[in-house]
Structures are given as C-alpha cells and as structure tokens.
Amino acid sequence: SLHYKLFQLHLFTHLRLNSLSLNSVSLNSVSFIAYLSQKDLNMSNIQGKFAASFQCCVLGVGQLVAWNTILTISDYYYQVFPDYHPSRTLTLVYQPFVLGTISVLVFVGQKIKNQRRVFTGYCLFVIGSILLLTVDIVTKGKGGITPFLLLSIVSAGFGVANALVEGAMIGDLSCICPDLIQPFAAGLGVAGAITSVLRLLTKAVFQNSWDGLRKGALSFLAISLFIELVCVIIDGVMFPKLPMVQKHRARSGSNPVEPVEEVPPLSNQQLAHQNLDRVISLFLIYALTLSIFPGFLYENTGKHSLHSWYPLVLVTCFNLSDALSRYITMVKPLKMQSGKVIVASVLARMLFLPAFYITARYADQGWMITLTSFLGISNGYLTVCVLTQTPKRTYNLSEANALGNILVASMLGGIFAGVCLSWLWLIGSNKSF
C-alpha cells in the first residue's frame, strides 16, 4: 500500500543518514588521531634536533678548550719555564703539527672513517690533559727541561687532535644535517669565552694568595680535562644514538669511505675551485683576526688605568663577542647567503688594521674595548656564515668529508698566516704605541 511504501522510504532515509553520520564521525576520529600522531612526530623531531645541537655545541667546545687552556695559563708557564719562551715555543710546536695533519687528511681523508677519526682526536685531548696535570703535580711546578719537553709533546698532540676532529665533524654534519654546523661552530667560540671568563675569575680569586698562579693553572687544567671526558662520552656513546645520526649512518652503509655512485668523486682541486669563495673567505677572516688577536692586544695597546687587567679584559671582550655572534645566523633574515656579499664583507674587515693602529695611538681604553668587540662579532658571524653557506651542488659523503678538510685547512692556514703577520706590528715600535 501507499502508506507502507512511505514508511519504507522514511526508514531507509533515516538509516542512510545515520550511516553517513557514523562515517563522518569515523573520518573525523581518524583525522584527529593522524593529527596527534603528526604532532607527536614533530615534537620528537624538535627534541631530537635540540639534543643534537646541544651535543654538537659541547663537542665544539671540547675541540678547542684544551689548546685555549695552554694559551690562557701561559703566564704560569713563563714563571715555571722562564728560559724557554713557552708561549712562542709552544705555538711554533703546535702550528706545524695541526697544519701538517690537516694537509695529510686533505689528500687521504676520503680513506679514513670519520667516527674513528673524531673519537681518536678527543681521546688525544683527554690523554694530553691528564699528562699536563700529572707532570705539574709530580714536579710540583718546579720546571726543568724534561717537563718542558713533555709540555711540547702534549702541544703537538693537541695539534694533531685538533686537525682530526674539526674537518671530520664539519664533513659529517654537512651530511647528517647542515643546520648542526652552526652549534658546532658556536662551540668553538664558546671555548674561548669559557677560558677567558675563568681566567678573570681565577685571577680575582688567587691574585693575593701564595702560589696563586699555579692554583689557577691547575684549576684550568682540571676543568679542561672534565670537558674533554664529557666529549669522549658524547662522541662515543650519546651522539651515535641520535635518530638522525643513526639514519645517516644506516643510509651510508655504516659510514663507508668510498662512494657508492658509479660517477667518480670530485678531486680536491675541483672541490676547492667550486668553493673558492668559501676557501678564500675563511683564510682572510682568520689571517686578519690573528694578526691582531691576541698579540697586538697584549703588547701594543700601551698602559691604562686597568693595568694588568687591561689585556685580559680585551681578550674576554673579543671571545664573548665572538661566541655570541655565532648565534646571530639562527635568525634567518640576518644570515648572509650570497658568496659575493660574504667576500665583500671579509675584505671590508681589512679596515680594522688602520682602525686598531689609530685607536691604540690616539684613543682611550673605552674605544679599544669597543673596537675589539666588533672584531670578535665580525669574526664569529662571518665564520658561521661561510661554514653554513649552501654549496653550489649536492656532494656525496666522501666529497663532503674532503670539502670539510679543505675548509678547515684554509682556516688553519689563515691562523698561521695571521700569527706570522702579527710580528709586523713590532716594526718601528717600542713594544707598544
């Protein structure tokens, strides 16, 4: 009948609407669950990247803190070894070993596993730090030719360790996640800031105490040893367990040293030519900086009201400015991307040379402190801009490792050139302006 058919139609419509409603609820539930899963995944990625950034920063600190400690406590070594010119002698020992090691790695670096290389470097830092403490405790700070020879051997070991770690880390991080180069480079600046601040604290604490220099030096060495032990634990245990590191090493077949592609890897000459602006920039940055810092600040700034604190304040201002400026690039609009702009900025830094000369000769200590801070800011900021600059093409693992060695070799070459050029300030001057 008609009423029966209308009843069937109403019942069918009602069931259909309920089915659509259930399907809609089900789809909304699935979408909500997917949203929560994606949110958890994003949060996990953020936490993993933060952990990786923190560990890379600590590894950067450990890469320089041992050698910075020797430089910072050089006043103590002048007291213990007055006849051996420790600062100049140890630098002359350190530089050939760091340059020689990185030069060898540039040519054979593609045949060495980065994991083993970095871990070996940090172990050398630990062994050297233990030797420095042991020698000083056994000899009771009395000096002599044998302790100084051991100190020289440790300095050479630090040079080898520096070259082993830095190039491998930059090459590895450029493949794992290029964003991690920034915290590692920042750690290099933080190492200088830590040693400078500690030097001011130890000078203030032990200045009037008997044997104050030795107590401050031993405190420095103990802190340096602790940091290096932490780096060994991070590099050997914690860093390999990070998801992004495990993913990278699984993808690269447990960090192979030979490329898997059929196309042969680029030679060192080709890599250097493709990244010529970065190589030149790093060399000029550090040649200019080391021609002024720290030699000029210690010997050519005259005497001021701060007396013996004045060079320490200048060095601390430089190191703090250098460390903080390495984080500027985290704000993307403030990061230089163009290679030409970076090179132009690096060349503009040459104006620091006449600026420091005029300031040392005619201005007071306030202007010198400001100028030194700007030198540190430009050094740290431009270093990170160059190291994190997007390459012109994508490199495989072996090419990235080779490029890391080349960039570090350029940086170390600039440091050596700057140390040599710093002697030119003494021409025609009686120690200070």
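Condition check ((1) small (Gly, Ala, Ser); (2) outside any helix (DSSP H, G or I)) across all residues:
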position: 351; (1), (2): no, no
position: 361; (1), (2): no, no
position: 368; (1), (2): no, no
position: 371; (1), (2): no, no
position: 378; (1), (2): yes, no
position: 385; (1), (2): no, no
position: 390; (1), (2): no, yes
position: 395; (1), (2): no, yes
position: 398; (1), (2): yes, no
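When the range 241-277 is examined, which residues are found to be of a type outside the set (A, V, I, L, M, F, W, C), surrounded by 13 or more Cβ atoms within 10 Å (Cβ to Cβ) and modelled with pLDDT of 90 or more?
Across the range 241-277, the qualifying residues are 274, 275, 277.
Among the residues of the range 133-156, are any under 25 Å from the mean Cα position of the chain (by Cα), under 18 Å from residue 231 (Cα atoms) and not polar (S, T, N, Q)?
no
Would you pick out the residues in the range 355-389 that are of a type in the set (S, T, N, Q) and closer than 15 Å to residue 286 by Cα?
372, 378, 379, 383
Could you tell me whether any residue of the range 108-124 is more than 17 Å from residue 80 (Cβ to Cβ), of a type in the set (A, V, I, L, M, F, W, C) and either without any contact (Cβ under 8 Å) to a residue 24 or more places away in the chain or loosely packed, with under 14 Cβ neighbours inside 10 Å (or both)?
yes
Scan the range 159-207 for residues that are under 11 Å from the mean Cα position of the chain (by Cα) and charged (D, E, K, R) and jot them down.
The one that is under 11 Å from the mean Cα position of the chain (by Cα) and charged (D, E, K, R): 166.
Cβ-Cβ under 6 Å, sequence separation 6+ or interchain: first residue in the range 55-84 and small (Gly, Ala, Ser), partner in a helix (DSSP H, G or I) and open to solvent by 10 Å² or more (accessible area, probe 1.4 Å). Which pairs?
Listed by first residue and then by second, the contacts come to 60/188; 62/227; 74/87.
Within the range 205-234, restricting attention to residues that are of a type in the set (D, E, K, R) and open to solvent by 20 Å² or more (accessible area, probe 1.4 Å), which residue is farthest from residue 172 (Cα to Cα)?
Taking the candidates together, the pick is 211.
Between residues in the range 203-216 that are over 15 Å from residue 312 (Cα atoms) and in contact (Cβ under 8 Å) with a residue 12 or more places away in the chain and residues that are part of a loop (DSSP other than H, G, I, E, B) and open to solvent by 90 Å² or more (accessible area, probe 1.4 Å), which pairs lie under 6 Å by C-beta distance while being six or more apart or on different chains?
Hits for this filter: zero, empty list.
Quick one: which of 340, 332 is out of contact with any Lys or Arg (no Cβ under 7 Å at 6 or more places or on another chain), among the basic types (Lys, Arg) and under 23 Å from residue 190 (Cβ atoms)?
One residue alone meets the criteria, 332.
Hey, could you check the range 197-222 for residues that are in contact with a Ser or Thr (Cβ under 8 Å, 6 or more places away or on another chain) and of a type outside the set (Gly, Ala, Ser) and say which is modelled with the highest pLDDT?
The qualifying residue modelled with the highest pLDDT is 221.
Could you please let me know if residue 321 is small (Gly, Ala, Ser), surrounded by 20 or more Cβ atoms within 10 Å (Cβ to Cβ), at pLDDT 85 or above and in a helix (DSSP H, G or I)?
yes
Could you identify the single residue in 95, 47, 55 that is in a helix (DSSP H, G or I) and at pLDDT below 80?
From the options 95, 47, 55, the qualifying one is 47.
Can you tell me which of 414, 418 is at pLDDT below 90, open to solvent by less than 10 Å² (accessible area, probe 1.4 Å) and within 20 Å of the chain's Cα centre (by Cα)?
418
The values are calculated or read from the model by the stated rules, or taken from the named source; none is laboratory data. Only a predicted model underlies this, so the values are computations on that prediction, with no experimental measurement involved. FYI the Cβ positions are ideal-geometry reconstructions off the backbone, even for glycines, and counts take in every protein chain you see. For the accessible areas, the whole protein counts, side chains as well, though only heavy atoms, and no ligand, DNA or RNA atoms are used. Shrake-Rupley method; radii C 1.70, N 1.55, O 1.52, S 1.80 Å.
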